[in-house]
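Asker: Below you will find the structure I want to go over with you.
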Amino acid sequence: MRILFFGDVFGKAGRQALFTALPGLKQEFKPDFIIANAENLADGKGLTEKTLHPIFNEGVDAVTGGNHLWDRADSLDYIRREIRIVKPMNYPPTIPGNPYHVLEKGELKLGIICLCGQTYMPSCDSPFLTLEHFLTEQHDGIPILLDFHAESTSEKRAMGWYADGKLCAVIGTHTHIQTADEEILPLGCAYVTDVGMTGAHDSVIGIKKNIIVDKFLTSIPNRYVASDLGLQINAVFIETDDETGIATDITRIKRDLQ
Ligand SMILES: [Fe+2]
Ligand SMILES: [Fe+2]
């Protein structure tokens, strides 16, 4: 199975980068499934039907969320309805979103889950205990990819080790900064601490850089404006063995589009 996963697609610039690069990346990697983290899709804050629909139309099969998934109050009904939006499983069950989604293509099946970290993040249940509970309940043997949406590198690394032998991939998201530590762990889990951000990298994690620098200099709050400079694709390509379900390859993708 061949899987392409895009790191946090940030605002209009991120959507533009994705639309520009997707045809070429499809040709190059021939993915069976395409997944993207979409918590920042609408101007950096949450997602809307208007911004997500074209992403699905371009061939993205499912999107994952994160702490920003519910930032748009007017999108909550849409998130509740659209089963291809995978919410963090360790948030309250009443919060909109689907906690587990299975992608199918012919004989191939891939389960998608998302969990948020607890360190330097809004409060949520333990991602480790939530995963343990899910795996105890889930007996269908489908290979599972986890988007681990977390700030702390140690929490993410620990999750990689915990998930090795249980999941086919642990893809870190949330920091918007790509890490160069992609590897296949000993028991066949593809791992990267953070896949990075798809969007404007001439920025501070997506926002115009002078706004954030000024904030650090003056502490005066200012309205955030998304950057549109330095478009980059940050993604990973993962290949798994169709017989065993374990990962055999992970390739880190970082492409400048300007
Ligand atoms: Fe994000
Ligand atoms: Fe986040």
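Asker: Which angle between 0 and 90 degrees, to the nearest 10, do you get for helix 127-137 versus the longest principal axis of the chain when only C-alpha atoms count?
Answerer: 30 degrees
Asker: Report the extension gain between THR179 and THR119 in nm, rounded to one decimal, defined as 0.36 nm multiplied by the number of residues separating them, less their alpha carbon distance.
Answerer: Details: separation 60, 0.36 × 60 = 21.60 nm, distance 1.82 nm.
Full extension from THR179 to THR119 adds 19.8 nm.
Asker: Which value in deg cm²/dmol, rounded to the nearest 500, describes the helix-derived mean residue ellipticity at 222 nm for the chain, given -39,500 (n - 2.57) per DSSP H run of n ≥ 4 and division by the residue count?
Answerer: About -7500 deg cm²/dmol.
Asker: Further question on the same structure: Could you pull out the pairs from LYS209/LYS254; LYS208/LYS254; LYS45/LYS208 whose alpha carbons sit more than 18 Å apart here?
Answerer: On the way: LYS209/LYS254 20 Å; LYS208/LYS254 20 Å; LYS45/LYS208 15 Å.
Violating the 18 Å Cα-Cα cut-off are LYS209/LYS254; LYS208/LYS254.
Asker: Then there is this: Just subtract the alpha-carbon distance of GLU49 and GLU28 from 0.36 nm times their residue separation and send over the number in nm, one decimal.
Answerer: In short, 4.7 nm is gained.
Asker: What's the magnitude of the charge dipole for the chain around its Cα centre, counting Lys and Arg as +1 and Asp and Glu as -1 at the beta-carbon? Answer in Debye, nearest 20.
Answerer: So the dipole magnitude of the chain works out to roughly 880 debye.
Asker: Stretched out fully, how many nm does the piece from ASP256 to PHE56 gain, at 0.36 nm a residue minus the Cα gap? Display every interim value, and only then the final one.
Answerer: Details: separation 200, 0.36 × 200 = 72.00 nm, distance 2.30 nm.
Answer, rounded to one decimal: 69.7 nm.
Asker: Cα to Cα, under 16 Å, and not fewer than 8 places away if on the same chain: which aspartates and glutamates meet these conditions relative to LYS105?
Answerer: Within the straight-line limit of under 16 Å, LYS105 reaches these aspartates and glutamates: ASP32, ASP61, GLU239, ASP241, ASP242, GLU243.
Asker: Another question, then. What do the square roots of 5 times the Cα gyration tensor eigenvalues come to for region 2-256, in whole Å, largest first, as semi-axes of the equivalent ellipsoid?
Answerer: 27, 20, 18
Asker: If you don't mind, there's one more thing I want to ask. Could you tell me the calculated FRET efficiency between HIS133 and ARG80, based on Cβ-Cβ distance and R0 = 25 angstrom, to the nearest 0.05?
Answerer: Computed FRET efficiency for HIS133 and ARG80: 0.65.
Asker: Can you pull the semi-axes for region 107-258, root of five times each eigenvalue of the Cα gyration tensor, sorted largest first, whole Å?
Answerer: 32, 19, 12
Asker: Then there's this: LEU231's amide H: which non-local residues (gap 5+, or another chain) put their own amide H closer than 5 Å, with H modeled 1.01 Å from N in plane and none for Pro or chain starts?
Answerer: HIS201, LEU257, GLN258
Asker: Determine, from the Cβ-Cβ distance of LYS215 and TRP161 and an R0 of 35 Å, the FRET efficiency 1/(1 + (r/R0)^6), rounded to the nearest 0.05.
Answerer: For LYS215 and TRP161, the calculated efficiency is 0.45.
Asker: Helix 11-29 versus the longest principal axis of the chain: what angle, 0 to 90°, nearest 10, using Cα atoms?
Answerer: Rounded to the nearest ten degrees, it is 40.
Just so you know, all these numbers are worked out from the coordinates, no wet-lab data involved. In this text the structure is predicted, and so the values were computed from the model without any measurement. When we count neighbours, we look across all protein chains shown, and the Cβ atoms used for this are built from the backbone with ideal geometry, even at glycine.
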